[in-house]
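Below is the structure I would like to discuss, written out as structure tokens.
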């Protein structure tokens, strides 16, 4: 395993994002369509937060089984904005940060994705799944 490999080699560069003015209903559709669990929230090119699928589950009945489940989710989602639900105090890394440093950050914190930025501009995202896949490739 190379000790100085930059996170840019494993990060997702074509990132699915949400605009801060998007709806939570739209966010849920993106999570399900792309089979992802974290979506950076942007204002223009700048990242302002991170929304996880778990954030949505906390405020919705998305995991409940009701005949009118979609209607319940819509009502709940209309009560909140993305900015109210997203994580705002982000830790981000730059593309030159080593994979080892990223792994250390994720191991110590209670989240599973880090935005990769150049200044405040979002250039990628790295997740615990990316790290696991990298480790698997090493063996």
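The values are calculated or read from the model by the stated rules, or taken from the named source; none is laboratory data. Treat the numbers as computed from the prediction; the structure is a model and nothing was measured. Note: ideal-geometry Cβ built from the backbone for every residue, glycine included; neighbour counts use all protein chains shown.
Name every residue in the range 68-83 that is surrounded by 14 or more Cβ atoms within 10 Å (Cβ to Cβ), within 10 Å of residue 25 (Cα to Cα) and at pLDDT below 65, in order of residue number.
73
Just name the residue that is surrounded by the most Cβ atoms within 10 Å (Cβ to Cβ) out of those in the range 22-36 that are more than 25 Å from residue 104 (Cα to Cα) and in contact with a helix residue (DSSP H, G or I) (Cβ under 8 Å, 6 or more places away or on another chain). Talk me through it step by step, then tell me what you get.
Taking the range 22-36 first, the residues more than 25 Å from residue 104 (Cα to Cα) are 22-35.
Imposing the further condition that a residue be in contact with a helix residue (DSSP H, G or I) (Cβ under 8 Å, 6 or more places away or on another chain) reduces the set to 22-25, 27-28, 31.
Details: 22: 17, 23: 15, 24: 25, 25: 15, 27: 22, 28: 20, 31: 20.
Out of the qualifying residues, it is 24.
Considering 16, 47, 39, 10, which residue is under 23 Å from residue 111 (Cα atoms) and at pLDDT below 95? I'd like the intermediate steps shown before the answer.
On the way: 16 fails: at pLDDT below 95; 39 fails: at pLDDT below 95; 10 fails: at pLDDT below 95.
One residue alone meets the criteria, 47.
Here is a follow-up. Answer yes if at least one residue in the range 107-114 is under 23 Å from residue 46 (Cα atoms), out of contact with any helix residue (DSSP H, G or I) (no Cβ under 8 Å at 6 or more places or on another chain), at pLDDT 95 or above and surrounded by 14 or more Cβ atoms within 10 Å (Cβ to Cβ), and no otherwise.
Within the range 107-114, none of the residues are under 23 Å from residue 46 (Cα atoms), out of contact with any helix residue (DSSP H, G or I) (no Cβ under 8 Å at 6 or more places or on another chain), at pLDDT 95 or above and surrounded by 14 or more Cβ atoms within 10 Å (Cβ to Cβ).
Checking residue 103 against (1) touching a helix residue (DSSP H, G or I) at 6+ places or on another chain (Cβ under 9 Å); (2) part of a helix (DSSP H, G or I); (3) loosely packed, with under 15 Cβ neighbours inside 10 Å, which single condition isn't satisfied?
Residue 103 satisfies every listed condition except (3).
Now for a different question. For the range 109-139, which positions are in a strand (DSSP E or B), within 10 Å of residue 10 (Cα to Cα) and either more than 10 Å from the chain's Cα centre (by Cα) or without any contact (Cβ under 8 Å) to a residue 40 or more places away in the chain (or both)?
The answer is 124, and nothing else.
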